[in-house]
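**Student:** Pasting a structure below so you can have a look.
What follows draws every value from the coordinates through simple rules; no lab data is involved. Treat the numbers as computed from the prediction; the structure is a model and nothing was measured. Here Cβ is always computed from backbone atoms with ideal geometry, including for glycine, and neighbour counts include all displayed protein chains.
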Ligand SMILES: Cc1cc2nc3c(=O)[nH]c(=O)nc-3n(C[C@H](O)[C@H](O)[C@H](O)COP(=O)(O)O)c2cc1C
Ligand code: SF4
Ligand code: FES
């Protein structure tokens, strides 16, 4: 702690920070541009100038950039000093000499950091009377729009894109007042995190291109706190709606999960909600029907038939629970393939019963050694890759700290650290985008990755069995990895389900457990496949095969399939047979799928945007998402449909559950692993000063007239029975509880920079604690129960290829690829081969290869990749029309 | 494709740097020496040799005014436009050059012989006005001499 | 009068070969130094009161003393031979004609901080110097003055020549480091200072060529001798220069502290016939004007500072009474605006604005408020307000012109044009 005198007032502040951070934490309004809490200071924009005084007697002081000065004890500074104020105003004056003043047509208008700072500094009159410079804009692909004339050269874009996220194709060009930020030539931005530019850029240079296509001022959006639906990490998002469609997704700051950023799948994947082929009406036997007809039909079926329910890892725990309740415990099946089901259970077992804690993304960022086994994180869990990228700097940064360079001094630390990285040990099937920072890279078949894990674990704790038949090189590699991990203070081991290998996950657990013996700060991250994989796995339920068998063996005749395309999760033949044998197939979903096309009854479910629900991320953190807008009376949450069905059919228990809260309480009571989930947000009757928390900003416009073409009298705003958020602009304007922040705003701070006001300390936890409830906490003092069976050596076999999945950030996820923007980035199916295998097969890049795997015949063009291990081939995971199961398996080559 | 000599020069620069990228300015210089300017293609080649993206290298290339990212003539004329030469009447020199070559700053003669660029102080202020043609420095310039000087360059 | 730095210049302008340099006592200082401790060398140089000749005038020995001594290799020593400050041409003489003197100085400096690698960062335009230095480095290497086990002492040093590809910013020592690392030549924040985190993140000293050239002589003749060379408290000799409309522009090594008058009237032969002295930049483009009343100021760091300017590089640019001061300053500001690296707001946006204002004043489109705006800019772009010293440097000639030649600015505005219009006809768009 230190005492800091600001304009002669003493304040207690934490040391180690710079003056800007400290002032912002104190809630003072000090303008800035180039500083960013996650990226530190560089001193480029000169906007944050203040005065520093030597002592009480120094009346003149010295102008400094507050972001570049460390706070010291008994320091005296002034924000209100006239010279400092004049200088800050003039900074805007300078920036405006070339800015086009085009707020009226700029997407950033109304939530623009530059606008806010202009007002804050009081710059109102332009003295520059000469010609402005102009730039050419670039086409940067489907996600990000470029309008360089608005640039104020704060360098944040390149600092985020290159330095923070490791992107290579965006940079700053030229010099003097001609500096240009963009690509070397037009073309799609390659970084998986490019969308963050829209939030990082303080003005309208980089904006969300998808938003532009149905643009709305941000103050005209109805917004709700949401959770990303597109992978297992559970990044917090804000979803905004106008006129019944989702317009935009932005980051929702979370101090432990996603921090300030989200990936492009998460940001741009939302358009499936607005897709023209969305299911919007109930259909029964080919005819569009109303709500009551559906409910009555289901009532009849529930009475007359033997009904099973198939749940979904992409549906909320409420929806899965409601389905389970409706059909009965023993008739409820998780809709995931066998392998995935087992792995998810294994993950729970490892995280719950093993001694190692699973860290949050923020904790991964702070790891000082990372070992990745079998995951191409950039594609399977993108934000985890971003966290690992930060972790790779932790150890070198510690050296900078020793040289007394504070961690927020961004360029100085980078100059000191240079290209030092890691340790980051990466064992994957083929090259990944983290390779550029990896200390050691190892490409091998999944079993060999597992073997490396065992070898490493053995070197840390000899009670883990060693691997046999191991080459000297590999032994040395294992030695180096073991040494690197042992030396670390906060090592993190990362693995996950995308390797589809139980052995890999077990090996990862062994490594973490072995480390934990001597280092209780060890972390183990297991990524899963879907946004609620873990939540579903925490609830009882049968395997998908059980569901198939129930029908095949006539134990049941009717299936309710909820938010699940069975063709993803089972072989085509099996699913075909299953659907055919069902007397009635009832599909509850929001998005059409091959399964739905075979349904007798189709019920339109709400997407996340029209729903309340809870998801459990890979960290075991239960998080709630809120309905953004009321949909029609027939589009509603799956769980609400299921409740309606239950009530209608006379299910007594279900009749007692009137709303979200009731069902969530029931889950908490009944599902031991989900105990406490009802506590993660305040109850629906929660009020602050008697008021709800408004989903709409107070500047929301047009409410009285926006539907005047339909009805001139303003409809009554919908009531929200499930939460204390309102659907209007009226309500409490102060800080909402951290789990319920519908948008960030503070007087004078209309841009996302207002997040500062919501944090206990800038860049730190949200006030009142970050949201969500961790459902799994390990007991680090437990003795590990090692996995003892080491996999056998992987031997290639002639005329066969061991085929594994490779994940794609765009394409492997079922929902986001329906987004028009994301769809443009989805690859065509292919088979990835090692060059020597390709040579042996006499196949060149792009030529087709035919093979049979699990009775499925494929003909795919070949892509050659020199990092692929011999005898192994990879196929993109679950592209449209392809299953998400059945691999790894031997593929038998067919002569063409 | 980078030529053998180009690669040799780049490798030499790499050999004294702790990592490849650090040789970027030297590499651009070496390639420009052989090719006169850095085309997009040259940029890509150098970038991939140094294991950088085209963006990263272009960011550097476009920063320095003597790395040419546009085609230039066979000989570069750098006219000093800084203070001592300005005082001593560099404008007349420039006008004479423009008259003889029919080009302005930033332009290349129709026959591709010369490109004329303004350049800050050439460090020979006691002998102003001054200019350089290729590697040759000309000081105490008089407008009358210019034509003779230019004729030396084919 | 002793002229240690330039005593061996030959009339033909060619440098001494290694042999010739050795014959006149070259590399004796080096042999002496390697028998000393680095600490002793640092103390000697500190005691000699040698101040950096790159413009800032910081005590060289003191600057070295911030380099940590017991750290792993490498450390770096860099000769700043970027000399791009308009009006400056003093290092060129040393680079072209005394390369071995520079190299010996660099080895001494490297020894003092125990650097294992050295670079000469030379500007592109100095083609002759490049050849001579390349050759001299090679010769020195062959003779065992560079490489491993220098002069049998166990000290090792490798030396390389790097020639730049333009940009005045490269002369700023931290931007120079970025440039040497193959990056954009934008400056770095200080702290951390290069002495702690410099080239490739390692301890580094950047010294000006002239500074380094002084070292062999200080070692050979002692600190006291060096101090006595000077006429004032700033030690040594200085290479002064004069350009502009004087009779004999040139550069001369003279005792530190000769007066401006002596420089202009004696060494430069006075003003050209028919012209009067109006003012002068005492040390390159980024120094404040001195005017007639300052002609007797001693040209050393402290004395020039005392009259509101800086010694800078010590190369004087003279403004005569027939040359328009507004045009003069506009030329300078054009230079600075163009050479801004583009990193910080005030410099990147402020300087072009200033240039535009000056242009409109010069072309008769100036307004009264423009002069106030210029005043404001000289204040707002002052030291500390911008990221590096480029923009504050750019403000020095402007603020002093507004002070001493304010009438000219006002006249331009009132009379809607340049009173020196005969000249302005030739004004071309730069
Ligand atoms: C914009 C700018 C340009 C500079 N250019 C040069 C230069 O060309 N040569 C030089 O020696 N110093 C130059 N300097 C000063 C250097 O930053 C540095 O102070 C000097 O090289 C240190 O050497 P010294 O201690 O021997 O004077 C420049 C400074 C600035 C701000
Ligand atoms: S593009 Fe945006 S973020 Fe990048 S420097 Fe310009 S204003 Fe800043
Ligand atoms: S470039 Fe240094 S102040 Fe702008």
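**Student:** Let me know the shape class of region A:358-521, please: from the alpha-carbon gyration tensor, a ≥ b ≥ c as square roots of the eigenvalues, rounded when a/c is under 1.5, otherwise prolate if a/b is greater than b/c, or oblate. Don't skip to the end; give the middle numbers.
**Tutor:** On the way: a/c = 1.87, a/b = 1.57, b/c = 1.19.
Because a/c hits 1.5 or more and a/b exceeds b/c, region A:358-521 counts as prolate.
**Student:** Distances longer than 16 Å among the Cα atoms of region A:65-172: what percent of all pairs is that?
**Tutor:** On the way: 4087 of 5778 pairs.
Above the 16 Å cut-off, region A:65-172 has 71 percent of its Cα pairs.
**Student:** Once you treat every alpha carbon in region C:325-423 as an equal point and sum by Debye, what is log10 I(q)/I(0) at q = 0.10, 0.14, 0.17, 0.23 Å⁻¹?
**Tutor:** Results for region C:325-423 at q = 0.10, 0.14, 0.17, 0.23 Å⁻¹ read -0.24, -0.46, -0.66, -1.13.
**Student:** Shifting gears a bit: If only Cα atoms are counted, what is the Rg of region B:75-150, and what is its Dmax, in Å?
**Tutor:** 11.1, 34
**Student:** Run the numbers on region A:2-95 and let me know its relative contact order in percent, using alpha-carbon pairs under 8 Å that are six or more apart.
**Tutor:** On the way: 165 pairs, mean separation 33.3, N = 94.
Computed value for region A:2-95: 35 percent relative contact order.
**Student:** How do C:341, A:231, C:214, A:112 line up, fewest other C-beta atoms within 10 Å first? Could you put the intermediate results ahead of the total?
**Tutor:** Numbers: C:341 25, A:231 31, C:214 28, A:112 22.
So the residues, fewest neighbours to most, are A:112, C:341, C:214, A:231.
**Student:** In µm²/s, what is D for region A:483-589 at 10 °C and 1.306 mPa s, where D = kT/(6 pi eta Rh) by Stokes-Einstein and Rh is the Kirkwood radius from Cα pairs? Don't skip to the end; give the middle numbers.
**Tutor:** Working: Rh = 16.9 Å.
Diffusion coefficient, whole number: 94 µm²/s.
**Student:** Could you work out the relative contact order of chain C, using alpha carbon pairs under 8 angstrom and six or more residues apart, expressed as a whole percent? Mind dumping the intermediate values first?
**Tutor:** Values: 870 pairs, mean separation 64.6, N = 430.
Relative contact order of chain C: 15 percent.
**Student:** Once all Cα-Cα distances of chain B are split into 10 Å bins that start at 0, what whole-number percent is in each one?
**Tutor:** Bin by bin from 0 Å, the calculated values are 11, 35, 27, 20, 6, 0.
**Student:** Any chance you could get the radius of gyration and Dmax over the Cα atoms of region A:431-516, in Å?
**Tutor:** Considering region A:431-516 through its Cα atoms, Rg and Dmax are 12.2, 34 Å.
**Student:** Now a separate question. Please report the equivalent ellipsoid semi-axes of chain A, computed as sqrt(5 x eigenvalue) of the Cα gyration tensor, largest first, in whole Å. It would help to have the intermediate numbers written out before the result.
**Tutor:** Details: eigenvalues 390, 257, 139 Å².
In descending order, the three semi-axes are 44, 36, 26 Å.
**Student:** From largest to smallest, what semi-axes in whole angstrom does region A:2-95 give when each is the square root of 5 times an eigenvalue of its alpha carbon gyration tensor?
**Tutor:** Details: eigenvalues 77, 56, 21 Å².
Its equivalent ellipsoid spans semi-axes of 20, 17, 10 Å.
**Student:** Taking 56 Å as R0, compute the FRET efficiency from the Cβ-Cβ separation of residue A:102 and residue C:23 and round it to 0.05.
**Tutor:** Working: r = 72 Å, r/R0 = 1.28.
Using R0 = 56 Å, I get an efficiency of 0.20.
**Student:** Take region C:179-242, compute every pairwise Cα distance, and split them into 10 Å bins from 0; I just need the percent in each bin.
**Tutor:** The percentages, shortest bin first, are 17, 34, 24, 23, 1.
**Student:** Can I ask one more? Treating the Cα atoms of region C:222-365 as identical point scatterers in vacuum, please give the log10 of the normalised Debye intensity I(q)/I(0) at q = 0.17 Å⁻¹, two decimals.
**Tutor:** Calculated log10 I(q)/I(0) at the listed q: -0.95.
**Student:** Additional query: Based on DSSP, what percent of beta bridges with both residues in region A:800-894 are antiparallel, to the nearest 5? Mind dumping the intermediate values first?
**Tutor:** Working: 14 of 22 bridges.
Just about 65 percent of them are antiparallel.
**Student:** Normalise the Cα radius of gyration of region B:39-122 by 2.2 N^0.38 Å (N = residues in it) and let me know the number. Before the final figure, lay out the partial values.
**Tutor:** Details: Rg = 15.9 Å, N = 84, 2.2 N^0.38 = 11.8 Å.
Working it through for region B:39-122, the quotient is 1.34.
**Student:** Let me have the relative contact order for chain A, percent, based on Cα pairs under 8 Å that are six or more residues apart.
**Tutor:** Numbers: 2028 pairs, mean separation 129.6, N = 896.
It comes to 14 percent, rounded to a whole number.
**Student:** Same structure again: For region B:75-150, give me the percentage of DSSP beta bridges that are antiparallel, rounded to the nearest 5 percent. It would help to have the intermediate numbers written out before the result.
**Tutor:** Numbers: 7 of 13 bridges.
Percent antiparallel among DSSP bridges in region B:75-150 is about 55.
**Student:** Could you work out the mean count of beta carbons from other protein chains within 10 Å of each residue's beta carbon in C:81-87? It would help to have the intermediate numbers written out before the result.
**Tutor:** Numbers: counts 0, 1, 2, 6, 6, 12, 10.
Mean number of neighbouring Cβ atoms from other chains: 5.
**Student:** Computed on alpha carbon atoms, what radius of gyration and Dmax characterise chain C, expressed in Å?
**Tutor:** Just the Cα atoms of chain C yield Rg and Dmax of 22.0, 73 Å.
**Student:** Give me the base-10 log of I(q)/I(0) for region B:4-63 at each q in 0.16, 0.22, 0.25 Å⁻¹, Debye formula, one uniform scatterer per Cα, rounded to two decimals.
**Tutor:** With no solvent term, the Cα-only Debye profile gives -0.40, -0.78, -1.02.
**Student:** I would also like to ask the following. Fewest first, what order do A:159, A:252, A:687 take by the number of other Cβ atoms within 10 Å?
**Tutor:** On the way: A:159 23, A:252 29, A:687 13.
So the ranking, lowest neighbour count to highest, is A:687, A:159, A:252.
**Student:** Taking beta carbons within 10 Å but only from partner chains, what does the mean come to for residues C:188-195? List each step's numbers first, then the result.
**Tutor:** On the way: counts 6, 12, 2, 8, 10, 0, 1, 0.
Taking all residues of C:188-195 together, the mean is 5.
**Student:** Based on alpha-carbon centroids, what's the gap between region A:385-462 and region B:9-71 in Å, whole number please?
**Tutor:** When both Cα centres are located, 29 Å separates them.
**Student:** Could you tell me what fraction of 2.2 N^0.38 Å the Cα radius of gyration of region C:18-228 comes to, as a two-decimal ratio?
**Tutor:** Details: Rg = 15.6 Å, N = 211, 2.2 N^0.38 = 16.8 Å.
After normalising by residue count via 2.2 N^0.38 Å, the value is 0.93.
**Student:** Note the per residue figure in Å³ for the convex hull of the C-alpha positions in region A:612-759. Show your work: numbers first, answer last.
**Tutor:** Numbers: hull volume 22.9 nm³, N = 148.
For region A:612-759, the hull spanned by Cα atoms encloses 154 Å³ per residue.
**Student:** If you don't mind, there's one more thing I want to ask. Where the centre of each part is set by its Cα atoms, how far does region A:238-309 sit from region C:321-346, in angstrom?
**Tutor:** 62
**Student:** Could you let me know the centre-to-centre spacing of region A:11-80 and region C:1-74, using Cα atoms, in angstrom?
**Tutor:** Using only Cα atoms to place each centre, the spacing works out to 41 Å.
**Student:** Take the Cα radius of gyration of region C:237-320 and divide it by 2.2 N^0.38 Å, with N its residue count; two decimals is plenty.
**Tutor:** 0.93
**Student:** Starting from the coordinates of the alpha-carbon atoms of region A:287-438, obtain the Kirkwood hydrodynamic radius over all distinct pairs and give the value in Å to one decimal.
**Tutor:** The answer is 19.9 Å.
**Student:** Turning to a different aspect of this structure: Thinking of region A:251-343 as a set of Cα atoms, what percent of all their pairs are more than 18 Å apart? Don't jump to the answer; show the numbers that get you there.
**Tutor:** Values: 2964 of 4278 pairs.
For region A:251-343, the share of Cα pairs beyond 18 Å comes to 69 percent.
**Student:** Oh, and also: Cα extents of region C:1-78 along the three principal axes, largest first, in whole Å?
**Tutor:** 44, 28, 22
**Student:** Moving on to the next point. More than 18 angstrom separation, counting every C-alpha pair in region C:257-306; what % is that?
**Tutor:** Values: 292 of 1225 pairs.
Counting pairs separated by more than 18 Å, the tail of P(r) holds 24 percent.
**Student:** Would you order A:154, B:80, C:418 from fewest to most other beta-carbon atoms within 10 Å of each residue's own beta-carbon?
**Tutor:** Values: A:154 27, B:80 31, C:418 21.
The order, fewest Cβ neighbours first, is C:418, A:154, B:80.
**Student:** What does DSSP give for the protein assembly as shown in terms of the percent of beta bridges that are antiparallel, rounded to the nearest 5? Present the calculation step by step, with values, prior to reporting the outcome.
**Tutor:** On the way: 83 of 159 bridges.
For the protein assembly as shown, the DSSP antiparallel bridge percentage is about 50.
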